[in-house]
Amino acid sequence: MFKHLISELKEALVCLQPGRVTLGYPFSPHNPEGEFRGLPQFDCELCIGCGACANACPSRLITLQDSEDYRQITVLLTRCTYCGRCRDVCYMEAIVMSPAFETATPDLDDLKIEIWLKTLRCRECGDVIGTERGIQRASEILREEVGIKAEDMIWSTLCFRCRRRASLQTPALIEELKYDWLNA
Amino acid sequence: MADTILRSLTEQLAGKYRLESENGATLQIAVDSADLPKVVGSLREELGARFIVSIGADRRQRTGNFEVTQVMSIDQEQSFVLIRTAIDPAQLAIDSITGVIPGANWSEREVQDLLGIQVLGHPDPRRLILPDDWPDGSYPLRKDFKFNERPETDGVNRAGPLPGPDGSMVVPIGPFFPTLEEPAYLHLYVEGERILGLDVRLFYSHRGIEKLGDSELTYAQIPFIAERICGICGFVHSTCYCQAIEAASGIEVPRRGQLIRTLLLELERLHSHLLWLGLACHFIGFDTLFMQSWRIREPVMWLAEYLTGNRKTYGMNKIGGVSRDIPPDTAERMATMLAKIETEVTDVVDAILYDSSLRLRLENSGILSPEDARAYCVVGPTARGSGLAIDARIDHPYAAYTELDFEICVEQGCDSWARTMVRIREIKETLKILQQCVAMLEPGPYCVAVSSIDSGVVGLSVVEAPRGEVFHYILSGMGQRPDRWRVRAPTYANLQSIPALLVGMSIADVPISVGSLDPCFACTERMEVTDCNSGNITIYHQKDLLRDLRQQG
């Protein structure tokens, strides 16, 4: 009985010691610290529309849709698990995980990000080769890092099927491309 | 290791099995259906093998047969025995082993439900997982069943509760279990206050993520869904899955990766045990301790958030290691926090140890004898509270546990109090392990690149979750996804012991006795929970919501 009494007194002490522990949130903002991963933010100015994030997203929330002249990248963050895979794979470092975690909303558009990028089409068959920005970036890498010769950049105006056809079957097309490139 | 097993197998069961492969600690043998109970029985009797789970698989595209694999663990030898039985699609039946090992009950019913393989001689062949009105002849785990197929229900109510003893009254608890706030239905047969018998109905929220794993997801995507199997111990599932893949394809995780995994696993055990301590007290109406225990727990969650970027350590595991490093000041941060938690836990434990009302509620309730514990193949603190020294961290060491110094906490009391004591002692062991982990952290690589994984390889792994041993099995397939992925959460084993736990108790002991198993229905049923409350009619937008949430009045 005595032991029980002591025990109860100790329990009371355990409750009194810490004082008030409740945080002010939501009446005062809560700022997560460190590398907290909240909603991803996409920098539309940097995005080249390569689709690496769409491949990596385990929740499959990022879709690519090519229409007439534009590639539409749609990110619907409804089921986002904040895993950060999209950020990890983004070549352009266009994605950052923001500290925003308050995502409750009745309006789906609050959780939707759309990026429209102009596409480039093959000058022969008209198929979409990629986005203008993507091809521009690839060309820069090829020129500056790989050291490809300037005149070989003529290939960047063809889709991969036409490139193959040109080099195997229609050498005349190569001459034409070179002529156009020199006179451009 | 495997030699000893092989030799004793040869003596006991000459001619009854064929050796298929022997790979380190994993022995695979093929056994005919008729010999299965005998083989399983003598493995258990002669070698002390512990049954883990039965895995049914549709292998018709590869071998022309269905396959049922019994997984047994020989803890002293640190090895596993996989007993494979090929099932001819024309026969579609297998002999039951539940008579020999009562703990195989659910596994076998699951094989029957999901693959349509009839289990011959099963004592209780009712449905377990599929809804009662799911049509016959539609088996979700077969390869010709699409992952998103929804067969028409036929309106027949197949399952009824088991008949109870004569003259008893029925007290239904559920289908929403009141103290656990999770879906479970207990059908109690009582005489006065005393429980004479019962029937359990579960799997209301089975969502079939194993099917998703072998039909839709890829190897790299599965960790993200595996860690969402449980809302408390998610990290154990992703670790266990990654380890199974790593075992199948011979990937060596770098030491820092192993240590980070160990550290996060132990942090998870720390907060899970504190959570349980609070909940257990809440079940018996002792809300003071519920509050205090959760107060102590909260800094652990903040630390996890700081270390991994997510309160629940989600998105951290990937095949080959962990996906990001932990911050450089981890050691300093943890040192202060661990010291604080240690004093706080000691204070609380010191206070409650002689609280006679608490002990009166916990002692002699929910008694699980060592024999029953062995029969139902329970794991984790439930087993250790009944005197069985089972701990995957020692029986099948993984991650960095071989380098760590800690003891298995075993209690002989067999009641809810013993299980409480096991967890309280484990909190202290965990703090010890965490301190060692922090001291061992050295800079270095934390993950390796992974190439493609060959098909037809078996990988399995166990991880000691806070609730007991988690088991993941992978049979690799084509197209960078498994042919079969099987998850056995600890509660799947532990909950089967409920009848042994409750019969003879009074109704008031039910919540705490069931609670003392630390059951996690979400794990057992392998699902994700989505909470859909009915919405308010006023339309708010994000900025209005934020404004209103942050301002008073």
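The values are calculated or read from the model by the stated rules, or taken from the named source; none is laboratory data. Worth saying up front: this structure is predicted, and the values here are computed from it rather than measured. Quick reminder, even Gly has a Cβ in these numbers, built from the backbone with ideal geometry, and neighbours come from all protein chains shown. The area values use the complete protein model at the heavy-atom level, side chains included, leaving out ligands, DNA and RNA. Shrake-Rupley method; radii C 1.70, N 1.55, O 1.52, S 1.80 Å.
Numerical summary
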quantity	calculated
Global form of the stretch B:305-377, assessed from the alpha-carbon gyration tensor, a/c cut-off 1.5	oblate
The stretch A:46-90 and the stretch B:292-336: distance between their alpha carbon centers, rounded to Å	27
In sequence order, calculated HN-Hα J values of the stretch B:500-506 (Karplus, 6.51, -1.76, 1.60; Hz; x Gly/Pro)	5, 6, 9, 4, x, 7, 9
Largest-first ordering by accessible area, 1.4 Å probe, given options B:Val510, B:Val457	B:Val457, B:Val510
More than 27 angstrom apart: percent of Cα pairs within the stretch A:35-175	34
Relative contact order of chain B, pairs being alpha-carbon contacts under 8 Å that are 6 or more residues apart, as %	15
Probe 1.4 Å - accessible area at B:Thr402, Å² to nearest ten	100
5 angstrom amide H check on A:Leu120, placed H, neighbours 5+ away	A:Ile129, A:Gly130, A:Thr131, A:Glu132
q = 0.14 Å⁻¹, the stretch B:132-232: log10 I(q)/I(0) [Debye, one scatterer per Cα]	-0.78
Centre separation in Å (Cα based) which lies between the stretch A:127-175 and the stretch B:189-220	57
Value of relative contact order over the stretch B:2-161, rounded to a whole percent, pairs C-alpha under 8 Å and six or more apart	17
Phi-based couplings in Hz for the stretch A:98-113 (Karplus 6.51, -1.76, 1.60; Gly and Pro marked x)	7, x, 6, 10, 8, 10, 5, 7, x, 10, 4, 4, 4, 10, 10, 10
Debye, to nearest 20: dipole size of the stretch A:35-175, +1 on Lys, Arg Cβ, -1 on Asp, Glu Cβ	580
Estimated D of chain B in µm² per second, where Rh is the Kirkwood radius over Cα pairs and Stokes-Einstein applies at 10 °C, 1.306 mPa s	65
3J(HN,Hα) from dihedral phi, the stretch A:33-44, Karplus parametrisation 6.51/-1.76/1.60, rounded to Hz, x for glycine, proline	10, x, 8, 4, 9, x, 4, x, 10, 10, 8, 5
Out-of-range pairs (alpha-carbon distance over 27 Å; input A:Lys118/B:Lys318; B:Lys211/B:Lys312; A:Lys10/B:Lys312; A:Lys10/B:Lys340)	A:Lys118/B:Lys318; A:Lys10/B:Lys312
Selection of trypsin sites (Lys or Arg not before Pro), the stretch A:103-159, meeting DSSP coil and at most 16 other Cβ within 10 Å	A:Arg123, A:Lys149
Furthest towards positive pole of dipole, B:Thr420, B:Ser451, B:His396, structure part the stretch B:388-473, Cβ charges	B:Thr420
Diffusion constant of the stretch B:357-462 at 20 °C, which comes from Stokes-Einstein with the Kirkwood Cα-pair radius and 1.002 mPa s, µm²/s	131
The stretch B:2-161 pair-distance distribution - Cα-Cα, 5 Å bins, rounded %	2, 9, 18, 20, 18, 14, 10, 5, 3, 1, 0
Chain B, dipole about Cα centre (Lys/Arg Cβ +1, Asp/Glu Cβ -1), debye to the nearest 20	980
Relative contact order computed over chain A (Cα-Cα under 8 Å; 6+ residues apart), in percent	19
Value of D in µm² per second that Stokes-Einstein yields for the protein assembly as shown, Kirkwood Rh from Cα pairs, at 20 °C (1.002 mPa s)	75
Base-10 log of normalised Debye intensity for the stretch B:209-488 (one unit scatterer per alpha-carbon) at q = 0.12, 0.13, 0.17 Å⁻¹	-0.76, -0.89, -1.37
Of all accessible heavy-atom area on the stretch A:34-184, the percent that carbon and sulfur account for (1.4 Å)	51
The stretch B:2-161 - charge dipole about Cα centre, Lys and Arg +1 at Cβ, Asp and Glu -1, debye rounded to 20	200
Extreme residue, positive dipole direction of chain B, given options B:Gly121, B:Ser293, B:Asn317 (C-beta unit charges)	B:Asn317
Area accessible to solvent at B:Trp294, 1.4 Å probe radius, in Å²	90
